[in-house]
Amino acid sequence: MKAIETAGQIDEKGRLQIDTPLAVTNKRVKVIILLPEDDDIQDDAWLKAMSTNDAFSFLNEPAEDIYSLSDGV
């Protein structure tokens, strides 16, 4: 079975609308819907918290800068 990940929204009538069209047509599919918990932190809030938290300030030290733009090429 092949998996495709995309995002979408459930409208006021309970219908799922995905954000981008799929390249697949005329196929039956199984759908698994993952709903965020009400108390889940949003991605942008998590990234902001990480970037301003002193607990991660050690990442700004030169000794932690071990990768370059050419790594993985």
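Loop-only check: which chymotrypsin sites (Phe, Trp or Tyr not before Pro) in the chain are DSSP coil with at most 13 other Cβ within 10 angstrom?
On the way: sites: 46, 56, 58, 67; in loops: 67.
Those that pass, being in a loop and sparsely packed, are 67.
Only one of the listed values, [x] 25, 15, 8; [y] 24, 14, 11; [z] 38, 21, 9, was derived from the coordinates as semi-axes √(5λ) of the Cα gyration tensor in Å; which label is it?
Evaluating semi-axes √(5λ) of the Cα gyration tensor in Å on these atoms matches [z].
For n ≥ 4 DSSP H runs only, could you compute -39500 (n - 2.57) per run for the chain, divide by its residues and tell me the 222 nm figure to the nearest 500?
Working: 1 runs with 10 residues, N = 73.
Taken over the chain, the calculation gives -4000 deg cm²/dmol.
Place +1 on the Cβ of every Lys and Arg and -1 on the Cβ of every Asp and Glu in the stretch 17-64, take the dipole about the Cα centre, and give the residue among 24, 62, 42 whose Cα lies farthest towards its positive end.
Positive-end residue among those listed: 24.
In the chain, what trypsin sites (Lys or Arg not before Pro) fall in a loop by DSSP, with at most 16 other Cβ atoms inside 10 Å?
Values: sites: 2, 13, 15, 27, 28, 30, 48; in loops: 2, 13, 15, 27, 28, 30.
Passing both the DSSP loop test and the Cβ count: 2, 13, 15, 27, 28, 30.
Could you list the GluC sites (Glu not before Pro) in the chain that lie in coil according to DSSP, counting only those with at most 10 other Cβ atoms within 10 Å of their Cβ? Present the calculation step by step, with values, prior to reporting the outcome.
Details: sites: 5, 12, 37, 64; in loops: 5, 12, 37.
In loop regions of the chain (DSSP not H, G, I, E or B), the sparsely surrounded GluC sites (Glu not before Pro) are 5, 12, 37.
With each label point set 7 Å from Cα along the Cα-Cβ vector, what nm distance links residue 17 and residue 33?
Simple spin-label model gives 1.4 nm for this pair.
Read-outs: derived from the displayed coordinates by stated rules, not from any lab. Just so it is clear, the model here is predicted, and its values are computed rather than measured. Ideal geometry is used to build each Cβ from the backbone, glycine not excepted, and the neighbour counts take in all protein chains shown.
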